[in-house]
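Before any comments, here is the structure.
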Amino acid sequence: MTGIGRVLVIVYAIMALAATGRSFVQIVERFDEAPLAYTLSAISALVYILATLALIFSGSRTWYRIAWITILFELAGVLIVGTLSLVLRELFAHPTVWSWYGVGYVFVPLVLPFFGLWYLITHRPVEPSEATDAAAAAVAP
């Protein structure tokens, strides 16, 4: 992984740490005030952790698929929670990572999955037979 892939992993790792810290504090200190919102913060933290790991290991077919699933789930989550937080404000009186499309995180949660999907589209894992064929072609006279 080079260049933009490393930057993407770093941003996902930062979001994982931020979401984990936020959800931990929310759940420990005030869970009874907004259980739905704070549970969604914890789910977003798990999604960012898994997406970070999946992107790091996306060279394998299994982790590549996990990355796709995780990032699509992240996109759906931020769009659904973002919309519901605007329409049903009483459900989200307490903010989550994905509330208002991630306004508390400068809209990074809204933009990040699009970059993640772009990266996955442009950096597919190489099949073992493709790598062997490419190496053989490079050596052939």
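The values are calculated or read from the model by the stated rules, or taken from the named source; none is laboratory data. Source: prediction; values computed, not measured. Note that we place each Cβ from the backbone using ideal geometry, even for glycine, and neighbour counts take in every protein chain shown.
Data table
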item: Long-range neighbours under 9 Å by Cβ, at least six apart or interchain, first residue in contact (Cβ under 8 Å) with a residue 60 or more places away in the chain and among the acidic types (Asp, Glu) within segment 110-123, second surrounded by fewer than 16 Cβ atoms within 10 Å (Cβ to Cβ) and part of a helix (DSSP H, G or I); result: none
item: Qualifying residue in segment 126-140 (condition: under 23 Å from residue 9 (Cβ atoms) and modelled with pLDDT of 95 or more); result: no
item: Criterion violated by residue 108 - all others in (1) more than 21 Å from residue 8 (Cβ to Cβ); (2) out of contact with any Asp or Glu (no Cβ under 8 Å at 6 or more places or on another chain) satisfied; result: (1)
item: Members of segment 26-67 that are modelled with pLDDT of 95 or more, crowded, with 16+ Cβ neighbours inside 10 Å and either hydroxyl-bearing (Ser, Thr, Tyr) or at positive phi (or both); result: 44, 48, 52, 64
item: Every pair of residues 6+ apart whose Cβ atoms lie under 8 Å, when the first sits in segment 51-79 and is touching a residue at least 12 places away in the same chain (Cβ under 8 Å) and of a type in the set (A, V, I, L, M, F, W, C) while the second is part of a loop (DSSP other than H, G, I, E, B) and surrounded by 16 or more Cβ atoms within 10 Å (Cβ to Cβ); result: 67/58; 78/98; 78/102
